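Let me begin by presenting the structure, written as structure tokens, before commenting on it.
The values are calculated or read from the model by the stated rules, or taken from the named source; none is laboratory data. Note that this is a predicted model, so its numbers are computed, not measured. Glycine gets a Cβ as well: all are built from the backbone with ideal geometry, and neighbour counts include every protein chain shown. The protein model used for the area step is the full one, side chains on, heavy atoms only, and it has no ligands, DNA or RNA in it. Shrake-Rupley method; radii C 1.70, N 1.55, O 1.52, S 1.80 Å.
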Amino acid sequence: MTHQSEFGPDLAEVFGPSQQDGGPELVQLLTPEGERREHPEFAFDLDDEAIKGFYRDMVLTRRIDTEATALQRHGELGIWAQLLGQEAAQIGAGRALRPQDYVFPTYREHGVAYCRGVDPLNLLGLFRGVDHGAWNPNDNNFGLYTIVIGAQTLHATGYAMGIQRDGAVGTGDPDRDAAVIAHFGDGASSQGDVNEAFIFAASYNAPVVFFCQNNQWAISEPIERQTRIPLYQRALGFGFPGVRVDGNDVLATYAVTKAALQRARDGQGPTFVEAYTYRMGAHTTTDDPTRYRLSDDVEHWKLKDPIARVKAYLTRNGLADDAFFGAVEDEANELGHHLREGCKALPDPKPMDMFAHVYAEEPEELRIQREGFAAYLETFEESHA
Amino acid sequence: MSTQKITLAKGLNMGLRKAMEDDPKVLVMGEDVGKLGGVFRITDGLQKDFGEDRVIDSPLAESGIVGTAVGMALRGYRPVVEIQFDGFVYPAYDQIVCQVAKMHYRSKGRSKMPMVIRIPFGGGIGAVEHHSESPEAQFAHTPGLKVVACSNPVDGYWMIQQAIASDDPVIFLEPKRQYHADKAELDESATPEPLFRSRTVRQGTDVTVLAYGPTVKTALQAAEAASGEGKSLEVIDLRTLSPLDMGPVLDSVRRTGRVVVTHEAHVNLGMGSELASRIQEECFYSLEAPVLRVGGFDTPYPASRIEEDFLPDLDRVLDAVDRTLAY
């Protein structure tokens, strides 16, 4: 029994053993053991071929992550933000999108980027230090990585307000109606911008899904430092629904996100989706989680691995054989090769590139500074000649 | 040719209206900008004529206003956001300097930020704390932003339209004490000069006085008073603070050899510091005296009963003029 105050549940109840696995509200359609579950509100409406596709997506996403981590260890990247353990949350959310939807990511949405068709090699540029974002956001409706925590949730809300003004909400045309998904983490839920995004989205009934991957850690700060109630319950206070989904269950994440996106496209406003997951790796390659968390917790979450449970489901039900798993592995190896070779071949920018695109219309004083620096550089080239 | 006499508030209102008529992508957003027409009535009547989707009353959150405007700009709109008072821009500071200013650069020019952030600035209206600030240097210091300040009704009409038409984000400073003060003749059929140009508003031979926004009027008054004492002041309305348009400034300094810069912002690291630096870099041998600055003191903005002692006025400008002439 936990203590029940007259003003509501205490922290032990919210974060105690009963909540450790997400609590009773957790939407789960595939158990860690690989067994399908029904849910009264959310159904997975795709076939087993799609599940095999999700398996492939997650394996490839994990390979992007492990290769990039290795590239950092070899000094090819300055830093890498790992997603290990969050593959299901990202693939489920990414595959629920339609082409006309728009994604506003953090800097960890490598799996969502992959779903949108962004070449994973393009993700490495900013971590290698060759640019601040290599892809064209409008090619794949996938925004640039945003490093200031939570800032992109406001951009997502404003973009959704633009969709409203374009009349692309609630028309019933599946190719026209569009939604926006804003990614962020449990740490960002404490940011003012995220809370303002909730308020603006609710106030204007904007077609946006707030997709929070609660991986339990904001660098070294546990979820208990950010909130005293389950995050999804905050949504009600802002005036829209919140759902907690098993973020390690790709079927449930897909089903819940799909429903939330459709709700947005239909003109019913924002939804908060809390994908309950766990950051299996470090915050980034510069972090050392052994200083602040127990390996017991990590071991506990290993049993809930998002990829292993899909493999168990496919194997147990005879839906995939060794040839399938081998082919996926081969594909992952190819992707790894692409990333390793591609990363090392990414050209360094030229010093003069720093002056490019500061403005749409370059002011004369910046032009003078740019030309002055170019002339200065040339004096060195001459002296070396 | 038809002209009419208008205030700065009217000029801005007419300019906003014209921009909204010319381009359906132009949106106005801010606190109280709709039914109320803004606390200074700059957006008066716009919501009635353009609807709530284009003149958007916002929740009371400045970062939210600017941050959602970023998203609307990414969707292809041209948002014009109003920050109700200068001192309330700081909750939006992160969005302005980290997102608005850097989006074009970060995206290699693929994502434009055609946004205007209107800020009523400066003091002299007897307001309570946080309602009389001059934060321009904090934005002029940020690459990726352009910063302009209008000083009169006719410029208000043209400059707001030009700022809206710019594909770069523009911090648009409006001297709030001038909103409902002096009237000027507006000829809507005239051809305006480019936005990022400074302008010589009074010719003179002895001392160059540089001003922008609310201090242009102060500088002109000082020039008038000085002429009675046989001193000829040239007054330049800078209009653009980032980029600076140094051409007319340097040309003037080469003739006068003496410069006084005046602004309401604190002198320490204010625009005057940058102007003094540029002037000595470009025309060191033309200078007959050090560049002098007349600005707000390096104190927080004081209680309004003594704000006229904080703000540069005619006498303090003339005092600086005398000092530079005596050098």
Residues being acidic (D, E), open to solvent by 10 Å² or more (accessible area, probe 1.4 Å) and more than 7 Å from chain A (Cβ to nearest Cβ): count how many of those fall in segment B:51-99.
3
Are any of the residues in segment A:119-131 within 16 Å of B:M103 (Cα to Cα) and among the aliphatic types (A, V, I, L, M)?
yes
Only residues that are farther than 19 Å from B:D167 by Cα and of a type in the set (A, V, I, L, M): list them for segment B:10-43, please.
B:L12, B:M14, B:V33, B:L36, B:V39, B:I42
Based on what the data block shows, is B:G37 farther than 14 Å from B:V81 by Cβ, outside any loop (DSSP other than H, G, I, E, B) and small (G, A, S)?
no
Condition check for B:T142: within 28 Å of B:G257 (Cα to Cα) and at pLDDT 95 or above:
no
Can you name the condition, by its number, that A:Y276 falls short on among (1) within 25 Å of A:L144 (Cβ to Cβ); (2) among the aromatic types (F, W, Y); (3) surrounded by 23 or more Cβ atoms within 10 Å (Cβ to Cβ)?
(1)
Here are some residues: A:T271, A:T253, A:T284, A:T227. Which one is under 30 Å from B:C98 (Cα atoms), touching a residue at least 12 places away in the same chain (Cβ under 8 Å) and crowded, with 24+ Cβ neighbours inside 10 Å?
A:T271
Residues that are under 23 Å from the mean Cα position of the chain (by Cα) and either free of Cβ contacts under 8 Å to residues at least 24 places away in the same chain or open to solvent by 90 Å² or more (accessible area, probe 1.4 Å) (or both), drawn from segment A:334-354
none
Tell me the residue from B:G126, B:G122 that is away from every other protein chain (no Cβ under 14 Å) and surrounded by fewer than 21 Cβ atoms within 10 Å (Cβ to Cβ), please.
B:G126
Residue count for segment A:151-192, restricted to those that are within 10 Å of chain B (Cβ to nearest Cβ) and not in a loop (DSSP other than H, G, I, E, B):
18
List the strands (runs of 3 or more DSSP E) that sit entirely inside segment B:207-303 and contain at least 2 residues that are small (G, A, S).
B:292-296
Check on A:D266, among the acidic types (D, E), at pLDDT 95 or above, over 17 Å from A:E109 (Cβ atoms) and open to solvent by 30 Å² or more (accessible area, probe 1.4 Å)
yes
Would you pick out the residues in segment B:249-296 that are within 20 Å of A:E364 (Cβ to Cβ), surrounded by 19 or more Cβ atoms within 10 Å (Cβ to Cβ) and of a type outside the set (A, V, I, L, M, F, W, C)?
B:S252
Within segment B:176-183, can one find any residue that is at pLDDT 95 or above, within 14 Å of the chain's Cα centre (by Cα), open to solvent by 40 Å² or more (accessible area, probe 1.4 Å) and over 27 Å from B:A326 (Cα atoms)?
yes
Answer yes or no: is there a residue in segment B:213-235 that is more than 14 Å from chain A (Cβ to nearest Cβ), hydrophobic (A, V, I, L, M, F, W, C), under 22 Å from B:D23 (Cβ atoms) and buried (at least 18 other Cβ atoms within 10 Å of the Cβ).
no
Please determine, by comparing only the residues of segment A:355-369 that are free of Cβ contacts under 8 Å to residues at least 12 places away in the same chain and over 31 Å from the mean Cα position of the chain (by Cα), which one is farthest from B:A165 (Cα to Cα).
A:I368
Just give me the residues in segment A:202-224 being open to solvent by less than 50 Å² (accessible area, probe 1.4 Å) and of a type in the set (A, V, I, L, M, F, W, C), in sequence order.
A:A202, A:A206, A:V208, A:V209, A:F210, A:F211, A:C212, A:W217, A:A218, A:I223
Looking at A:Q82, A:Q90, which one is under 19 Å from A:T284 (Cβ atoms), outside any helix (DSSP H, G or I) and touching an Asp or Glu at 6+ places or on another chain (Cβ under 7 Å)?
A:Q82
Hey, any hits in segment A:41-62 for a residue that's of a type in the set (S, T, N, Q) and surrounded by fewer than 24 Cβ atoms within 10 Å (Cβ to Cβ)?
no
So, in segment A:58-69, how many residues would count as being under 17 Å from A:N122 (Cα atoms) and in contact with a Phe, Trp or Tyr (Cβ under 9 Å, 6 or more places away or on another chain)?
6
Could you tell me whether segment B:100-115 includes any residue that is over 21 Å from A:N138 (Cα atoms), open to solvent by less than 10 Å² (accessible area, probe 1.4 Å), within 7 Å of chain A (Cβ to nearest Cβ) and hydroxyl-bearing (S, T, Y)?
no
Screening B:V147, B:V154, B:V170 for residues that are crowded, with 24+ Cβ neighbours inside 10 Å, of a type in the set (A, V, I, L, M, F, W, C) and in contact with a Leu (Cβ under 6 Å, 6 or more places away or on another chain) leaves only B:V147
Candidate set: segment A:116-150, residues that are out of contact with any Leu (no Cβ under 7 Å at 6 or more places or on another chain) and not in a loop (DSSP other than H, G, I, E, B); chosen: the one farthest from the other protein chains (Cβ to nearest Cβ)
A:L123
Would you check which residues across segment A:287-301 are loosely packed, with under 14 Cβ neighbours inside 10 Å and either within 25 Å of the chain's Cα centre (by Cα) or touching a residue at least 24 places away in the same chain (Cβ under 8 Å) (or both) and list them?
A:D288, A:T290, A:R291, A:Y292, A:L294, A:S295, A:E299, A:H300
I'm checking my understanding of the structure. Among residues of segment B:129-175 that are over 13 Å from the mean Cα position of the chain (by Cα) and aliphatic (A, V, I, L, M), which one is farthest from the other protein chains (Cβ to nearest Cβ)?
B:V154
Is it fair to say A:D305 is out of contact with any Asp or Glu (no Cβ under 8 Å at 6 or more places or on another chain), in contact (Cβ under 8 Å) with a residue 40 or more places away in the chain and in the same structural domain as A:P241 (by TED's automatic domain parsing)?
yes
Look at segment B:1-39 and say how many of its residues are crowded, with 16+ Cβ neighbours inside 10 Å, more than 15 Å from B:I160 (Cβ to Cβ) and out of contact with any Pro (no Cβ under 9 Å at 6 or more places or on another chain).
3
